[in-house]
1. For region 18-40, which residues satisfy the criterion of being under 16 Å from the mean Cα position of the chain (by Cα) and assigned to a loop (DSSP other than H, G, I, E, B)?
2. If you scan region 1-43, which residues turn out to be of a type in the set (Val, Ile, Thr) and under 30 Å from CYS71 (Cα atoms)?
3. Hey, can you tell me all the residues within region 42-65 that are closer than 25 Å to THR77 by Cβ and in contact (Cβ under 8 Å) with a residue 12 or more places away in the chain?
4. Being farther than 24 Å from TRP59 by Cβ and within 19 Å of the chain's Cα centre (by Cα) is the filter; apply it to region 1-17 and report the residue that is farthest from the ligand (Cβ to nearest atom).
5. Within region 44-59, restricting attention to residues that are under 19 Å from PRO80 (Cα atoms) and loosely packed, with under 12 Cβ neighbours inside 10 Å, which residue is nearest to the ligand (Cβ to nearest atom)?
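Please treat every number below as a calculation from the coordinates, not as lab data. All figures in this text were calculated on a predicted structure; none of them were measured in a lab. We place every Cβ from the backbone using ideal geometry, glycine too, and count neighbours over all the protein chains shown.
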Amino acid sequence: MGKKHKVELHEAFVWDCDECGRENLLRALPAEPPPDNEIRELLQLGPFEALPNPDDSNWVRVAEIVTCAYCKAEFHTLPPWIKPGDEGEIEEDTNI
Ligand SMILES: [Zn+2]
């Protein structure tokens, strides 16, 4: 056997389908950092606390709607940084 090629690893989220129960992957897409005031809100920093070094931060975005690769059921996503029960704001925004 020859030398193995290398594959690039990407960050991803795992989610479980509520219809068929199988595990799906959702690749995390790189994103620009949000404005400073949004970072403070997300990290619950006070007005005089230092923001994290941008070089140490890795911002990603995720799809709002995902489709199960197996049974094709569609779901809205609940990002891991939003606690269950706190999702009211998202549901209002996705009223299409
Ligand atoms: Zn499924």
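1. Residues satisfying the conditions are ALA28, ALA31, GLU32, PRO33, PRO34.
2. The initial filter retains those residues of region 1-43 that are of a type in the set (Val, Ile, Thr), namely 7, 14, 39.
Selection gives VAL7, VAL14.
3. Of region 42-65, the ones closer than 25 Å to THR77 by Cβ are 42-44, 52, 57-65.
Passing the criteria: LEU42, PRO52, SER57, ASN58, TRP59, VAL60, ARG61, VAL62, ALA63, GLU64, ILE65.
4. Taking region 1-17 first, the residues farther than 24 Å from TRP59 by Cβ are 1-6, 16-17.
If we keep only those that are within 19 Å of the chain's Cα centre (by Cα) too, we end up with 16-17.
Details: ASP16: 9, CYS17: 3 Å.
Applying the filter and picking the extreme gives ASP16.
5. ASN58
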